[in-house]
1. Hand me the chymotrypsin sites (Phe, Trp or Tyr not before Pro) from the range 65-107 located in a DSSP loop with no more than 13 other Cβ atoms within 10 Å, in residue order please.
2. Within straight cross-link reach of K337, meaning Cα distance under 17 Å, which aspartates and glutamates are found once same-chain residues fewer than 8 apart are removed?
3. Ordering R256, R295, R51, R11 by how much accessible area each has at a 1.4 Å probe, largest first, what is the list?
4. Between helix 142-158 and the chain, what is the angle of the helix's C-alpha long axis to the longest principal axis, kept within 0 to 90° and rounded to the nearest 10?
5. Cut-off 10 angstrom, C-alpha nodes, Gaussian network model of the chain. Which of L257, L235, L135 fluctuates the most?
6. For the range 199-278, which whole-number percentage of the solvent-accessible area (1.4 Å probe, protein heavy atoms only) is attributable to carbon and sulfur atoms?
7. May I ask for the angle, rounded to the nearest 10°, between helix 186-209 and the longest principal axis of the chain, with both axes built from Cα atoms and the value confined to 0 to 90°?
8. Once the Cβ-Cβ distance between F208 and L150 is put in as r, and R0 is 22 Å, what FRET efficiency do you end up with, to the nearest 0.05?
Amino acid sequence: MTARILQNPWRLLLAINVAVIAGVFVHKIQLPPYVPYIHLLVDYHFGFIKRALIGAAVALFTDKVPVWLVFALGGMTWLVTLALYAKLFQKTFGFTAKTLPLFVFIAGSPFFLKNFMHTLGHFDIYGCALAITLLLMPAGSLLYVATAALFAIVLVLIHHIHLLMYVPTVITIVMIRHYLTFGCNRSNVAFGMIALAVVSALFFAAQFLGTMPIPEADFVAYLKTRMADPSRTDLLQFAYIWYQPLAKEISDTWGRLPHNILGVPVFALLIWLHTPLWRFFANLIGALASDLHRRLVIAALIGISLAYLVMFAMVFDYSRWISNWAVCMFLILHAVKTLPAARETPPIPADDQRTNIFGLIITLIPRVGIVRPF
(Lines give C-alpha, C1' and ligand atoms only; values in the text may rest on other atoms or scores of the structure.)
Protein backbone atom coordinates (compact mmCIF):
# COMPACT_ATOMS: atom_id res chain seq x y z
CA MET A 1 0.00 0.00 0.00
CA THR A 2 2.85 2.38 0.87
CA ALA A 3 4.48 1.69 -2.48
CA ARG A 4 1.19 2.46 -4.25
CA ILE A 5 0.88 5.78 -2.39
CA LEU A 6 4.45 6.73 -3.26
CA GLN A 7 3.80 5.85 -6.89
CA ASN A 8 0.59 7.91 -7.09
CA PRO A 9 0.46 10.22 -4.05
CA TRP A 10 -1.89 12.91 -5.36
CA ARG A 11 -4.92 12.12 -3.20
CA LEU A 12 -2.68 12.08 -0.15
CA LEU A 13 -1.11 15.40 -1.18
CA LEU A 14 -4.58 16.89 -1.51
CA ALA A 15 -5.40 15.80 2.04
CA ILE A 16 -2.10 17.22 3.32
CA ASN A 17 -2.91 20.54 1.67
CA VAL A 18 -6.19 20.70 3.57
CA ALA A 19 -4.34 20.13 6.85
CA VAL A 20 -1.72 22.76 5.97
CA ILE A 21 -4.41 25.34 5.15
CA ALA A 22 -6.13 24.63 8.47
CA GLY A 23 -2.83 25.20 10.25
CA VAL A 24 -2.24 28.47 8.41
CA PHE A 25 -5.72 29.65 9.44
CA VAL A 26 -5.17 28.80 13.11
CA HIS A 27 -1.88 30.71 13.03
CA LYS A 28 -3.37 33.66 11.17
CA ILE A 29 -6.25 34.37 13.55
CA GLN A 30 -3.79 34.78 16.40
CA LEU A 31 -2.06 37.72 14.71
CA PRO A 32 -3.29 41.35 14.93
CA PRO A 33 -4.85 42.35 11.57
CA TYR A 34 -3.33 45.82 11.32
CA VAL A 35 -3.85 46.75 7.66
CA PRO A 36 -6.98 44.65 6.96
CA TYR A 37 -8.80 46.03 10.02
CA ILE A 38 -8.22 49.69 9.24
CA HIS A 39 -9.57 49.12 5.73
CA LEU A 40 -12.87 48.06 7.28
CA LEU A 41 -13.04 51.38 9.15
CA VAL A 42 -12.30 53.76 6.28
CA ASP A 43 -15.32 54.90 4.24
CA TYR A 44 -16.44 57.89 2.15
CA HIS A 45 -17.43 59.99 5.16
CA PHE A 46 -14.99 62.74 4.12
CA GLY A 47 -15.63 62.44 0.38
CA PHE A 48 -13.99 60.37 -2.36
CA ILE A 49 -10.79 58.75 -1.11
CA LYS A 50 -8.72 55.74 -2.12
CA ARG A 51 -9.04 52.29 -0.49
CA ALA A 52 -12.49 53.01 0.96
CA LEU A 53 -14.99 50.77 -0.86
CA ILE A 54 -14.81 47.77 1.49
CA GLY A 55 -15.13 49.98 4.57
CA ALA A 56 -18.05 51.85 3.00
CA ALA A 57 -19.80 48.53 2.33
CA VAL A 58 -19.23 47.43 5.94
CA ALA A 59 -20.63 50.80 7.16
CA LEU A 60 -23.95 49.98 5.48
CA PHE A 61 -24.45 47.14 7.96
CA THR A 62 -22.76 48.24 11.16
CA ASP A 63 -21.56 51.44 12.83
CA LYS A 64 -19.07 49.62 15.06
CA VAL A 65 -16.52 47.27 13.53
CA PRO A 66 -15.19 44.42 15.70
CA VAL A 67 -11.75 42.96 15.03
CA TRP A 68 -13.18 39.49 14.43
CA LEU A 69 -14.99 40.82 11.37
CA VAL A 70 -11.65 40.87 9.52
CA PHE A 71 -11.39 37.09 9.87
CA ALA A 72 -15.11 36.45 9.31
CA LEU A 73 -15.26 38.51 6.13
CA GLY A 74 -11.86 37.31 4.94
CA GLY A 75 -12.72 33.69 5.70
CA MET A 76 -16.03 33.93 3.85
CA THR A 77 -14.29 35.49 0.83
CA TRP A 78 -11.66 32.75 0.92
CA LEU A 79 -14.35 30.02 0.97
CA VAL A 80 -16.22 31.66 -1.90
CA THR A 81 -12.98 31.84 -3.89
CA LEU A 82 -12.27 28.18 -3.18
CA ALA A 83 -15.77 27.20 -4.33
CA LEU A 84 -15.48 29.33 -7.47
CA TYR A 85 -12.10 27.83 -8.34
CA ALA A 86 -13.34 24.27 -7.77
CA LYS A 87 -16.24 24.98 -10.13
CA LEU A 88 -13.86 26.52 -12.68
CA PHE A 89 -11.52 23.53 -12.58
CA GLN A 90 -14.46 21.16 -12.97
CA LYS A 91 -15.69 23.17 -15.97
CA THR A 92 -12.28 23.44 -17.64
CA PHE A 93 -10.60 20.11 -16.94
CA GLY A 94 -12.94 17.97 -14.83
CA PHE A 95 -11.95 16.08 -11.69
CA THR A 96 -10.39 12.78 -12.74
CA ALA A 97 -7.33 10.78 -11.79
CA LYS A 98 -5.50 12.28 -14.79
CA THR A 99 -6.24 15.89 -13.84
CA LEU A 100 -5.58 15.51 -10.11
CA PRO A 101 -1.84 16.41 -10.39
CA LEU A 102 -2.79 19.63 -12.19
CA PHE A 103 -5.30 20.48 -9.46
CA VAL A 104 -2.73 19.84 -6.71
CA PHE A 105 -0.10 21.98 -8.45
CA ILE A 106 -2.55 24.88 -8.77
CA ALA A 107 -4.89 24.69 -5.76
CA GLY A 108 -2.12 23.34 -3.52
CA SER A 109 0.44 25.89 -4.63
CA PRO A 110 1.85 28.05 -1.82
CA PHE A 111 1.23 30.98 -4.19
CA PHE A 112 -2.53 30.46 -4.28
CA LEU A 113 -5.10 29.47 -1.64
CA LYS A 114 -2.55 28.92 1.12
CA ASN A 115 -1.10 32.39 0.69
CA PHE A 116 -4.57 33.90 0.45
CA MET A 117 -5.21 32.30 3.83
CA HIS A 118 -1.99 33.80 5.18
CA THR A 119 -2.99 37.24 3.85
CA LEU A 120 -6.56 36.84 5.12
CA GLY A 121 -8.31 40.21 5.10
CA HIS A 122 -6.10 41.76 2.42
CA PHE A 123 -7.69 42.90 -0.83
CA ASP A 124 -5.77 40.67 -3.27
CA ILE A 125 -8.27 37.83 -3.18
CA TYR A 126 -11.11 40.01 -4.46
CA GLY A 127 -9.31 40.39 -7.78
CA CYS A 128 -8.86 36.64 -8.01
CA ALA A 129 -12.51 35.91 -7.16
CA LEU A 130 -13.85 38.37 -9.73
CA ALA A 131 -11.47 37.07 -12.41
CA ILE A 132 -12.66 33.50 -11.75
CA THR A 133 -16.26 34.73 -12.03
CA LEU A 134 -15.44 36.11 -15.49
CA LEU A 135 -14.01 32.71 -16.44
CA LEU A 136 -17.29 31.07 -15.45
CA MET A 137 -19.75 33.54 -17.04
CA PRO A 138 -21.16 33.33 -20.58
CA ALA A 139 -18.97 35.62 -22.67
CA GLY A 140 -20.82 36.13 -25.94
CA SER A 141 -22.46 39.54 -25.45
CA LEU A 142 -21.49 43.11 -24.62
CA LEU A 143 -22.95 42.48 -21.18
CA TYR A 144 -19.87 40.36 -20.50
CA VAL A 145 -17.54 43.24 -21.39
CA ALA A 146 -19.67 45.61 -19.29
CA THR A 147 -19.51 43.21 -16.33
CA ALA A 148 -15.73 42.99 -16.66
CA ALA A 149 -15.53 46.80 -16.71
CA LEU A 150 -17.70 46.97 -13.58
CA PHE A 151 -15.46 44.42 -11.86
CA ALA A 152 -12.38 46.47 -12.78
CA ILE A 153 -13.99 49.63 -11.37
CA VAL A 154 -14.83 47.81 -8.13
CA LEU A 155 -11.26 46.53 -7.84
CA VAL A 156 -9.76 50.00 -8.35
CA LEU A 157 -12.11 51.41 -5.70
CA ILE A 158 -11.08 48.64 -3.30
CA HIS A 159 -7.44 49.53 -3.94
CA HIS A 160 -6.04 51.43 -6.92
CA ILE A 161 -3.05 49.09 -7.20
CA HIS A 162 -5.46 46.55 -8.68
CA LEU A 163 -4.97 48.41 -11.97
CA LEU A 164 -1.62 46.62 -12.08
CA MET A 165 -2.47 43.57 -9.99
CA TYR A 166 -5.63 42.04 -11.47
CA VAL A 167 -7.08 44.44 -14.07
CA PRO A 168 -4.53 43.26 -16.71
CA THR A 169 -5.67 39.69 -16.05
CA VAL A 170 -9.32 40.75 -16.33
CA ILE A 171 -8.50 42.41 -19.67
CA THR A 172 -6.73 39.26 -20.88
CA ILE A 173 -9.63 37.04 -19.89
CA VAL A 174 -12.05 39.32 -21.76
CA MET A 175 -9.75 39.36 -24.78
CA ILE A 176 -9.58 35.56 -24.88
CA ARG A 177 -13.15 34.66 -23.94
CA HIS A 178 -14.97 37.43 -25.81
CA TYR A 179 -12.89 39.05 -28.55
CA LEU A 180 -10.86 36.02 -29.71
CA THR A 181 -13.73 33.57 -29.30
CA PHE A 182 -16.65 35.60 -30.68
CA GLY A 183 -14.80 38.08 -32.88
CA CYS A 184 -14.30 41.83 -32.98
CA ASN A 185 -16.68 44.42 -34.39
CA ARG A 186 -16.99 48.17 -34.19
CA SER A 187 -19.39 48.07 -31.24
CA ASN A 188 -17.52 45.74 -28.89
CA VAL A 189 -14.12 47.29 -29.69
CA ALA A 190 -15.42 50.84 -29.05
CA PHE A 191 -17.15 49.69 -25.85
CA GLY A 192 -13.97 48.03 -24.64
CA MET A 193 -11.85 51.09 -25.33
CA ILE A 194 -14.30 53.37 -23.49
CA ALA A 195 -14.39 50.98 -20.54
CA LEU A 196 -10.59 50.88 -20.41
CA ALA A 197 -10.45 54.70 -20.47
CA VAL A 198 -12.97 54.96 -17.62
CA VAL A 199 -11.07 52.46 -15.45
CA SER A 200 -7.76 54.25 -16.15
CA ALA A 201 -9.27 57.64 -15.29
CA LEU A 202 -10.63 56.22 -12.05
CA PHE A 203 -7.18 54.93 -11.16
CA PHE A 204 -5.58 58.34 -11.63
CA ALA A 205 -8.38 59.96 -9.62
CA ALA A 206 -7.85 57.52 -6.75
CA GLN A 207 -4.07 57.82 -6.87
CA PHE A 208 -3.77 61.59 -7.10
CA LEU A 209 -7.12 62.93 -5.81
CA GLY A 210 -8.01 60.26 -3.27
CA THR A 211 -5.87 61.41 -0.34
CA MET A 212 -7.59 62.21 2.94
CA PRO A 213 -8.64 65.92 2.97
CA ILE A 214 -8.38 66.38 6.76
CA PRO A 215 -5.46 66.28 9.25
CA GLU A 216 -4.33 62.80 10.21
CA ALA A 217 -5.25 63.33 13.88
CA ASP A 218 -8.86 64.11 12.92
CA PHE A 219 -8.91 61.07 10.62
CA VAL A 220 -7.70 58.78 13.41
CA ALA A 221 -10.27 60.29 15.79
CA TYR A 222 -13.02 59.42 13.28
CA LEU A 223 -11.72 55.87 12.87
CA LYS A 224 -11.93 55.42 16.65
CA THR A 225 -15.65 56.22 16.50
CA ARG A 226 -16.08 53.24 14.16
CA MET A 227 -14.11 50.81 16.30
CA ALA A 228 -15.97 48.38 18.53
CA ASP A 229 -13.02 48.69 20.94
CA PRO A 230 -11.50 52.20 20.63
CA SER A 231 -8.77 51.28 23.11
CA ARG A 232 -7.07 49.17 20.40
CA THR A 233 -5.18 52.17 19.06
CA ASP A 234 -2.35 49.88 17.93
CA LEU A 235 -4.60 48.81 15.06
CA LEU A 236 -4.59 52.35 13.68
CA GLN A 237 -0.85 52.70 13.20
CA PHE A 238 -1.18 52.44 9.40
CA ALA A 239 -3.51 55.43 9.06
CA TYR A 240 -0.62 57.29 7.41
CA ILE A 241 -1.07 55.33 4.16
CA TRP A 242 -4.05 57.54 3.26
CA TYR A 243 -1.67 60.52 3.31
CA GLN A 244 1.41 58.99 1.73
CA PRO A 245 2.17 60.30 -1.78
CA LEU A 246 3.32 57.99 -4.55
CA ALA A 247 6.85 59.43 -4.44
CA LYS A 248 7.19 58.43 -0.77
CA GLU A 249 5.96 54.89 -1.49
CA ILE A 250 8.53 54.50 -4.25
CA SER A 251 11.26 55.98 -2.05
CA ASP A 252 10.45 53.54 0.78
CA THR A 253 10.45 50.62 -1.66
CA TRP A 254 13.86 51.47 -3.09
CA GLY A 255 15.21 52.16 0.39
CA ARG A 256 14.32 48.61 1.45
CA LEU A 257 15.39 47.06 -1.84
CA PRO A 258 18.88 45.88 -0.76
CA HIS A 259 17.31 43.82 2.02
CA ASN A 260 14.14 42.68 0.24
CA ILE A 261 15.97 41.69 -2.95
CA LEU A 262 17.52 38.82 -0.99
CA GLY A 263 14.20 37.01 -1.32
CA VAL A 264 14.39 36.85 -5.13
CA PRO A 265 16.36 33.53 -5.24
CA VAL A 266 13.68 32.00 -3.00
CA PHE A 267 10.94 33.25 -5.34
CA ALA A 268 12.87 31.78 -8.28
CA LEU A 269 13.12 28.43 -6.49
CA LEU A 270 9.39 28.42 -5.76
CA ILE A 271 8.62 29.17 -9.40
CA TRP A 272 11.01 26.40 -10.51
CA LEU A 273 9.22 23.90 -8.27
CA HIS A 274 6.13 24.49 -10.42
CA THR A 275 8.00 23.37 -13.56
CA PRO A 276 5.52 20.56 -14.42
CA LEU A 277 2.71 23.12 -14.33
CA TRP A 278 4.59 25.68 -16.47
CA ARG A 279 5.47 22.94 -18.96
CA PHE A 280 1.80 21.99 -19.23
CA PHE A 281 0.88 25.67 -19.71
CA ALA A 282 3.51 26.10 -22.44
CA ASN A 283 2.26 22.98 -24.22
CA LEU A 284 -1.30 24.30 -23.98
CA ILE A 285 -0.26 27.55 -25.67
CA GLY A 286 1.81 25.67 -28.24
CA ALA A 287 -1.18 23.51 -29.13
CA LEU A 288 -3.42 26.46 -30.06
CA ALA A 289 -4.82 26.18 -33.55
CA SER A 290 -4.26 29.85 -34.42
CA ASP A 291 -0.85 31.51 -34.60
CA LEU A 292 -2.56 34.85 -33.88
CA HIS A 293 -4.10 33.47 -30.69
CA ARG A 294 -0.73 32.13 -29.64
CA ARG A 295 1.02 35.46 -30.20
CA LEU A 296 -1.68 37.45 -28.43
CA VAL A 297 -1.65 35.13 -25.40
CA ILE A 298 2.14 35.39 -25.11
CA ALA A 299 1.94 39.18 -25.45
CA ALA A 300 -0.74 39.29 -22.72
CA LEU A 301 1.40 37.18 -20.38
CA ILE A 302 4.32 39.55 -20.95
CA GLY A 303 2.04 42.53 -20.30
CA ILE A 304 0.76 41.07 -17.03
CA SER A 305 4.31 40.32 -15.93
CA LEU A 306 5.46 43.86 -16.78
CA ALA A 307 2.61 45.26 -14.67
CA TYR A 308 3.89 43.24 -11.71
CA LEU A 309 7.42 44.45 -12.41
CA VAL A 310 6.12 48.02 -12.07
CA MET A 311 4.49 47.02 -8.77
CA PHE A 312 7.82 45.65 -7.56
CA ALA A 313 9.36 49.06 -8.22
CA MET A 314 6.58 50.94 -6.41
CA VAL A 315 5.51 48.88 -3.36
CA PHE A 316 7.62 46.41 -1.38
CA ASP A 317 5.12 43.62 -0.55
CA TYR A 318 7.15 41.32 -2.78
CA SER A 319 5.86 37.97 -1.53
CA ARG A 320 2.29 39.07 -2.16
CA TRP A 321 3.09 40.36 -5.62
CA ILE A 322 4.90 37.22 -6.78
CA SER A 323 2.09 35.08 -5.37
CA ASN A 324 -0.60 37.07 -7.17
CA TRP A 325 1.46 37.01 -10.38
CA ALA A 326 1.44 33.21 -10.20
CA VAL A 327 -2.31 33.19 -9.53
CA CYS A 328 -2.82 35.35 -12.63
CA MET A 329 -0.83 32.79 -14.64
CA PHE A 330 -3.05 30.00 -13.27
CA LEU A 331 -6.21 31.86 -14.30
CA ILE A 332 -4.92 32.65 -17.79
CA LEU A 333 -4.13 28.94 -18.18
CA HIS A 334 -7.85 28.25 -17.74
CA ALA A 335 -8.74 30.95 -20.27
CA VAL A 336 -6.30 29.56 -22.85
CA LYS A 337 -7.88 26.11 -22.51
CA THR A 338 -11.13 27.55 -23.93
CA LEU A 339 -9.47 28.53 -27.24
CA PRO A 340 -9.50 26.15 -30.24
CA ALA A 341 -6.56 23.75 -30.17
CA ALA A 342 -4.87 21.86 -33.00
CA ARG A 343 -4.11 18.90 -30.76
CA GLU A 344 -4.79 17.59 -27.26
CA THR A 345 -2.32 18.62 -24.57
CA PRO A 346 -1.15 15.67 -22.44
CA PRO A 347 -1.83 16.13 -18.71
CA ILE A 348 0.81 16.40 -16.02
CA PRO A 349 2.00 12.80 -15.50
CA ALA A 350 0.69 11.27 -12.30
CA ASP A 351 3.37 8.59 -12.01
CA ASP A 352 6.55 10.57 -12.76
CA GLN A 353 8.91 10.48 -9.75
CA ARG A 354 10.31 13.98 -10.21
CA THR A 355 6.83 15.45 -10.64
CA ASN A 356 5.71 13.65 -7.49
CA ILE A 357 8.63 15.10 -5.53
CA PHE A 358 7.87 18.62 -6.76
CA GLY A 359 4.21 18.11 -5.84
CA LEU A 360 5.16 16.98 -2.35
CA ILE A 361 7.46 19.95 -1.78
CA ILE A 362 4.93 22.58 -2.84
CA THR A 363 2.30 20.81 -0.74
CA LEU A 364 4.45 21.09 2.39
CA ILE A 365 5.21 24.80 1.88
CA PRO A 366 2.46 26.57 3.86
CA ARG A 367 2.68 30.05 2.30
CA VAL A 368 4.93 32.52 0.51
CA GLY A 369 4.34 35.51 2.77
CA ILE A 370 3.62 39.23 2.48
CA VAL A 371 6.94 41.07 2.15
CA ARG A 372 9.80 38.59 2.49
CA PRO A 373 9.51 34.86 1.77
CA PHE A 374 7.71 32.92 4.50
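The values are calculated or read from the model by the stated rules, or taken from the named source; none is laboratory data. Predicted model, so just to flag it, every value in this text is computed and none were measured. Here Cβ is always computed from backbone atoms with ideal geometry, including for glycine, and neighbour counts include all displayed protein chains. Note: areas computed on protein heavy atoms with side chains; ligands, DNA, RNA excluded. Shrake-Rupley method; radii C 1.70, N 1.55, O 1.52, S 1.80 Å.
1. Here the chymotrypsin sites (Phe, Trp or Tyr not before Pro) that fit, given the DSSP loop and packing criteria, are F95.
2. Partners found: D291.
3. Values: R256 120, R295 145, R51 35, R11 185 Å².
From most accessible down to least: R11, R295, R256, R51.
4. The angle comes out near 50 degrees.
5. Checking each option, the largest mean-square fluctuation is seen for L257.
6. Values: 2910 of 4120 Å².
Carbon and sulfur together cover 71 percent of it.
7. So the inclination is approximately 40 degrees.
8. With R0 = 22 Å, the Cβ-Cβ based efficiency is 0.45.
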